[in-house]
Amino acid sequence: MDCVRWIHLPVPVGSCNASADAIDRVRAAIENAVARNAQGRLLACRVELTGQTKLHGELLASADRLLAEARAAALGLGEETAWIERLVIATASPDASASRKDALGDLQRMIQGAGGDADLQARLASELGDLVRKLPHDIRAESSDAALKAAIDADIAGVITHAGAYLNARLAAEKV
């Protein structure tokens, strides 16, 4: 029985000036997707925020809130109309944090250097390998989180890059 449609829903947020603007874009994208693709069935959506935006750090730091807002927007369309399976933040920051002359710039330069440190990567590979082996099979097989996927795939440089971006974003969002 065909009762659910699934859609990957990229939402460009590059020109957004506030997280509220990004939520408005998500809401509009969900409404458009339901109108065009649902055909009277529940539409399961994986929302992906894309583009270079000055909001990159804020979006990363508030991912849980954004997911809740997206799910509320879907519920606002009516019961059994749309469901948000996941919200992926695939944005990038337009500024070069490493060129900053403050502590955040120092942190970014250290993280960039860590990506090329073979000794550090070997130690992380060993530690992360032990943790990954302890994960349940379904999490290892179905992870869509970029940092976790990098750890599962033993892409240690990728883990460093993702962890650094997340840490930098959280610190920038906290105005540290």
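For Lys101 and Asn37, what does the FRET efficiency come to when R0 = 45 Å and r is the distance between their Cβ atoms, rounded to the nearest 0.05?
0.40
To the nearest 20 Debye, how big is the dipole of region 23-176 about its Cα centre, given +1 on the beta carbon of each Lys and Arg and -1 on that of each Asp and Glu?
Rounded to the nearest 20 debye, it is 220 debye.
May I ask for the Kirkwood hydrodynamic radius of region 21-98, worked out over all distinct Cα pairs and given in angstroms to one decimal?
The Cα-based Kirkwood calculation yields 13.1 Å.
Points 7 angstrom from Cα along the Cβ direction at Lys149 and Gln52: gap in nanometres?
For Lys149 paired with Gln52, the spin-label model returns 2.3 nm.
Give the accessible surface of the chain per residue, rounded to a whole number of Å², with probe radius 1.4 Å and ligands, DNA and RNA excluded.
Solvent-accessible surface per residue comes out at 58 Å².
Give the carbon-plus-sulfur fraction of the accessible surface of the chain in %, rounded to a whole number; probe 1.4 Å, heavy atoms of protein chains only.
Carbon and sulfur atoms account for 54 percent of the accessible area of the chain.
Among Arg71, Arg36, Arg140, which one shows the highest mean-square fluctuation when the chain is modelled as a Gaussian network with alpha-carbon springs under 10 Å?
Between Arg71, Arg36, Arg140, it is Arg36 that shows the largest mean-square fluctuation.
Full-extension gain between Ala44 and Ala63, please, as 0.36 nm times their residue separation minus the C-alpha to C-alpha distance.
5.0 nm
Cα gyration tensor of the chain, axes a ≥ b ≥ c as square roots of the eigenvalues: rounded (a/c below 1.5), prolate (a/b > b/c) or oblate?
oblate
The values are calculated or read from the model by the stated rules, or taken from the named source; none is laboratory data. These figures come from a predicted structure and were not determined experimentally. Here Cβ is always computed from backbone atoms with ideal geometry, including for glycine, and neighbour counts include all displayed protein chains. Surface accessibility is based on the protein's heavy atoms, side chains included, excluding ligands, DNA and RNA. Shrake-Rupley method; radii C 1.70, N 1.55, O 1.52, S 1.80 Å.
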